[in-house]
Amino acid sequence: MSNTLSDRYNPQEVETRTYAWWESSGYFKAHDLSTKPPFSIILPPPNVTGFLHLGHALDHTIQDLLIRWKRMSGFNAMWLPGTDHAGIATQSVVEKELKKNEGVTRHQLGRNAFVEKVWDWKHQYGDRIYSQMKKLGDSCDWERSTFTLDEGVSQAVRKVFANLHKKGWIYRGQRLVNWSTPLESAISDLEVEHQQIKGTLFHIDYPLENGSGNLTVATTRPETLLGDTAVCVNPEDERYKHLIGQNVILPLLNKKIKIIADTYVDIQFGSGVVKITPAHDFNDYKIGKTHHLEFINILEKNGTLNENAGPYKGLKVQEARKRVIEDLKNLNLLVKEEPHMQSVGHCSRTGAVVEPFLSEQWFMKMDKLAIPARRVVESGTLRFEPESWTKVYLHWMNIIEDWCISRQLWWGHQIPAWHCQKCAHITVTESGVPQNCSQCGSTDLKQDEDVLDTWFSSALWPFSTMGWPKDTETQKTFYPTSYLVTGHDIIFFWVARMILMGLEFKGDIPFRTVYIHGLVRDSQGRKMSKSLGNSVDPVEMIDKYGADALRFSFLAHLNNGKDFKFSEQRLEGYRNFMNKVWNATRFSLSHLHDFKVPANGTQALPKKSDLSVYDKWILSALKDVEKKVEESLEAERFSDAAQAIYHFVWYQFCDWYIEFTKPLFQGPPSPEREATQLVLAQVLNRIVRLMHPFSPFISEEIYQKLPIRNEACIIDQYPTVAKDYELLECGSEEAAKEVEIVKEVITAIRNIRGENRISPAIQLPVKLIIQDDKSQKILSENKSTLISLARLSDVSIETEGHFAKCAVTPVQFKDLQVKVVIPLEGLVDFNEEIKRIQKTIEKLNKDIFGLNSRLTNEKFVKNADEDVVALDRELLEKSKVQLTQLQEALVRFQ
RNA sequence: AGGGAGUUAGCUCAGUUGGUAGAGCGCCACCCUUACAAGGUGGAUGUCGCAGGUUCGAAUCCUGUACUCCCUACCA
């Protein structure tokens with residue numbers, strides 16, 4: 001051990017070394033069989049080939065805090081990491097790369113070859129995010145790492161699919177779905193983002209069949225008229241009532257279509273006539289179903305128009321729109337164009353406009369599954385934190401719709417359903433490839449081409465990662481998990497679906513508490529995005545400020561699930577804090593060089609009679625902060641805990657305790673000095689343990705340098721008042737009170753010095769006017785501290801005195817009262833001091849006025865709590881005394 | 001349109017059963033005082049969105065209102 005530490009903390013070197021040591025020592029491992037109580041978290045799996053972004057960093061910091069805290073608190077803490085194959089995202093990336101590098105499309109390559117390419121990609125980048133997580137300090141049990149396409153997970157997926165299919169809760173159907181044309185795949189409702197855009201409302205004339213005129217319809221998507229199979233009016237609309245049941249001629253295609261009536265049509269909007277395109281609009285789809293209309297699909301999977309579009313075949317939607325408008329113009333059928341704000345669905349992956357598209361898809365029936373999923377939250381068995389998300393969750397569960405689970409992609413879990421080429425029957429199996437069609441026995445079977453929505457496998461994550469469907473010890477020990485920590489953006493995508501599936505297949509909730517945090521935004525509250533150029537790379541921040549600073553900045557500023565505004569300046573502040581702790585250690589170690597390390601290590605207690613009042617005070621303050629941290633962590637108020645630590649370490653331990661100990665350390669060896677050494681060593685030890693879940697690296701680094709310690713900070717006990725009662729009881733509130741009055745006096749002197757601009761180089765003589773014996777005793781015992789911390793030439797204590805041309809400040813703490821008097825003759829311009837006193841008087845006057853008006857109010861005296869009134873009375877008396885003293889002092893300057 | 005959250009110091013936010021408004025950062029002034037200038041000491045700063053109401057007393061409870069944000073849905 002070397003005591004010559006650098007005066008700047010260097011996180012980079014420490015972090016890499018420390019993490020490697022923790023990992024190789026097996027400290028992150030949890031055990032399936034253990035006598036310790038279990039605590040478990042499943043990491044929300046990031047995209048396997050993705051980068052760690054700031055949102056992950058926040059999410060992981062909270063989880064690692066919980067895991068480290070519980071691990072240190074005697075739990076069998078298990079944090080299970082994993083990665084997601086992220087179907088669409090990964091497939092798109094690889095597709096793009098392929099095009100760029102090899103100039104081929106996936107279709108040219110073929111399914112098997114393409115999937116192999118994606119696996120190559122996964123193998124190349126799959127570890128990147130793990131190594132980034134390690135930089136952050138994530139203490140995951142790495143041996144349990146799982147990938148969503150691992151064989152075990154895939155088995156779980158197939159089993160769940162087969163099971164729900166058998167129940168009839170997974171079914172196949174032709175439906176209108178959200179179609180992403182670049183992906184050539186269906187996407188779920190949740191993957192559609194609505195954006196307000198400026199569109200145009202086109203008014204188009206449809207000639208009546210009988211030649212008696214036109215019916216004008218309004219539409220924002222004129223090209224869809226090619227798929228129209230009716231026009232619709234409101235049955236109550238007097239303008240059109242007589243036309244219901246007649247036909248109009250569909251322009252361009254010159255087809256006869258019917259005029260139907262439905263109350264869905266808003267008489268006020270547009271022309272009051274709606275064209276009905278059942279195969280390309282969700283509302284029209286419903287009308288088409290109720291009125292038994294024909295469904296004409298005019299699109300190919302890639303978004304070009306098909307043969308049903310007649311002459312427009314082969315055009316893209318946008319081109320077709322232009323051409324249709326032109327042609328309508330030429331026919332004099334386009335009667336009006338008006339600007340119109342509309343909300344258009346976009347694919348959240350590609351940004352392309354989503355086309356409603358009629359296709360054969362797999363769906364999961366949700367209504368039955370939702371019943372228990374609602375109940376467990378309503379009953380409080382499963383809790384959301386903050387609680388307000390409960391409402392959001394329940395609302396969604398109440399209006400839940402069937403989930404389109406099939407995707408026309410190649411990367412993912414291929415649907416375990418085989419279509420009989422003979423009788424078209426679908427055979428679903430839990431495992432392996434079926435030999436025969438379960439209906440006709442034919443061997444001519446073809447597996448469904450589609451893969452499952454990525455969130456399907458994610459929904460099983462809490463148990464599929466623990467070996468389900470096998471019956472494992474892991475599940476027995478760790479399911480249900482303790483916490484799920486995630487952002488509010490995926491409550492529906494993921495959290496809700498895990499709850500549904502956990503209840504259905506494990507018969508129990510997947511986690512007890514869902515801790516929801518906000519999303520990370522930039523300092524102005526904007527979403528971080530590549531296009532804005534405001535995204536921040538957490539790895540870069542770690543390199544610059546250290547992982548501990550990053551973690552601390554998250555933890556100290558979490559606010560009830562609200563979005564988190566990231567600020568680099570703040571990060572700098574916590575980097576400084578880490579440095580402060582580092583330097584406090586440097587100081588401590590340099591004064592512990594001759595410390596006699598007690599045999600019983602961290603259990604060592606100082607001899608009470610040797611303790612200074614400062615030792616007792618810091619132990620008392622330590623007790624308070626440990627209590628506060630414990631309570632805050634239990635209540636999931638992580639920022640309160642972080643701030644309590646910050647405050648204690650900087651403003652109590654560093655600013656005062658270390659300063660208090662300096663005179664003693666400059667003096668000769670003594671029992672008192674030894675006692676202080678022990679206290680210093682103990683307090684520092686407890687500080688780093690307290691800090692460890694928040695800032696693990698620096699804590700471990702310092703811990704390893706301490707004279708009193710055990711094997712490793714990461715597995716040492718988390719400090720709690722209950723566990724180390726004896727040490728903390730060495731502190732006393734009485735001592736704390738004494739130190740407080742000393743601090744107040746020092747502050748008062750510094751205040752006088754500062755306000756009067758008296759150079760710190762000048763040592764001041766101070767008179768303390770004290771009436772009561774207790775205060776007198778305390779201050780005379782702490783004279784030398786006053787002299788050194790307030791830079792005094794002398795302190796005299798008197799019971800009363802005159803103070804002509806002196807600065808005067810009354811000081812009090814609880815029942816202790818002192819008047820601080822400093823002669824200023826020849827030192828300063830009295831005007832400054834007069835101003836200072838006047839300011840204090842002004843404030844006192846204001847206070848006294850307020851107190852007086854309250855206390856003379858009969859109703860207040862009658863109705864308010866007794867102690868409130870008594871407190872006010874006391875305050876008023878004290879304030880009055882102070883006021884008189886200051887007024888007297890002021891007079892003496894004249 | 002429906003639902004949710006918010007509005008407190010220049011910024012980011014605390015403020016737990018109503019009892020004279022707090023923190024961090026930033027800002028200003030003075031200091032290289034032998035752990036730390038990534039530091040020390042001191043200082044300034046608020047009609048608690050607005051308007052009512054309940055109360056002796058409201059940032060806190062009630063009603064209304066303005067604005068911001070998010071989610072869900074969506075008129076062709």
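The values are calculated or read from the model by the stated rules, or taken from the named source; none is laboratory data. Remember, predicted model here, so these are calculated numbers, not experimental data. Glycine also receives a Cβ, built like all others from the backbone with ideal geometry; neighbour counts cover every protein chain displayed. Ligands, DNA and RNA are excluded from the accessible area calculation, which covers all protein heavy atoms including side chains. Shrake-Rupley method; radii C 1.70, N 1.55, O 1.52, S 1.80 Å.
What the table below lists for this structure:
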| quantity | calculated |
| --- | --- |
| In region A:524-567, the residues that are in a loop (DSSP other than H, G, I, E, B), in contact with a Leu (Cβ under 6 Å, 6 or more places away or on another chain) and more than 13 Å from RNA strand B (Cβ to nearest atom) | A:536 |
| Tally of residues being crowded, with 19+ Cβ neighbours inside 10 Å and either touching a Cys at 6+ places or on another chain (Cβ under 6 Å) or in a helix (DSSP H, G or I) (or both) across region A:135-153 | 4 |
| Residue in region A:261-269 that is under 45 Å from the mean Cα position of the chain (by Cα), over 29 Å from residue A:185 (Cβ atoms) and not hydrophobic (A, V, I, L, M, F, W, C) present | yes |
| Within region A:1-39, tally of residues that are closer than 22 Å to residue A:132 by Cα, away from RNA strand B (no atom under 16 Å from the Cβ) and outside any loop (DSSP other than H, G, I, E, B) | 9 |
| Condition met for residue A:745 (more than 47 Å from the chain's Cα centre (by Cα), modelled with pLDDT of 90 or more and not basic (Lys, Arg)) | no |
| Among (1) open to solvent by 40 Å² or more (accessible area, probe 1.4 Å); (2) under 27 Å from residue A:371 (Cα atoms); (3) in contact (Cβ under 8 Å) with a residue 60 or more places away in the chain, the one test that residue A:496 misses | (1) |
| Hits in region A:278-303 - residues which are open to solvent by 20 Å² or more (accessible area, probe 1.4 Å) and away from RNA strand B (no atom under 16 Å from the Cβ) | A:292, A:294, A:295, A:297, A:300, A:301, A:302 |
| Unique residue being of a type in the set (Val, Ile, Thr), touching a residue at least 60 places away in the same chain (Cβ under 8 Å) and over 30 Å from residue A:107 (Cα atoms) when the list is A:317, A:324, A:248 | A:324 |
| Tally of residues being touching a residue at least 12 places away in the same chain (Cβ under 8 Å) and part of a helix (DSSP H, G or I) across region A:606-621 | 11 |
| Test: residue A:175 is out of contact with any Pro (no Cβ under 6 Å at 6 or more places or on another chain) and modelled with pLDDT under 95 | yes |
| Any hit, region A:759-766, residues being within 29 Å of residue A:622 (Cα to Cα) and at pLDDT 90 or above | no |
| Failed condition for residue A:328, given (1) at pLDDT 85 or above; (2) more than 13 Å from RNA strand B (Cβ to nearest atom); (3) open to solvent by less than 70 Å² (accessible area, probe 1.4 Å); (4) part of a helix (DSSP H, G or I) | (1) |
| So residue A:313, is it open to solvent by 50 Å² or more (accessible area, probe 1.4 Å), at pLDDT below 85 and basic (Lys, Arg) | yes |
| Residues being out of contact with any His (no Cβ under 8 Å at 6 or more places or on another chain) and within 9 Å of RNA strand B (Cβ to nearest atom) - total across region A:234-274 | 10 |
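Residues checked against (1) open to solvent by 70 Å² or more (accessible area, probe 1.4 Å); (2) among the basic types (Lys, Arg); (3) assigned to a helix (DSSP H, G or I):
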| residue | (1), (2), (3) |
| --- | --- |
| A:719 | no, no, no |
| A:723 | yes, yes, no |
| A:728 | no, no, yes |
| A:736 | no, no, yes |
| A:740 | no, no, yes |
| A:749 | no, no, yes |
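Residue by residue, here is whether (1) at pLDDT below 90; (2) crowded, with 22+ Cβ neighbours inside 10 Å holds:
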site	(1), (2)
A:552	no, yes
A:559	yes, no
A:582	no, no
A:598	yes, no
A:602	yes, no
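To keep it simple, each residue is scored yes or no on (1) within 16 Å of RNA strand B (Cβ to nearest atom); (2) within 28 Å of residue A:511 (Cβ to Cβ); (3) not basic (Lys, Arg).
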{"residue": "A:380", "(1), (2), (3)": "no, yes, yes"}
{"residue": "A:399", "(1), (2), (3)": "yes, yes, yes"}
{"residue": "A:418", "(1), (2), (3)": "no, no, yes"}
{"residue": "A:430", "(1), (2), (3)": "no, yes, yes"}
{"residue": "A:436", "(1), (2), (3)": "no, no, yes"}
{"residue": "A:441", "(1), (2), (3)": "no, no, yes"}
{"residue": "A:445", "(1), (2), (3)": "no, no, yes"}
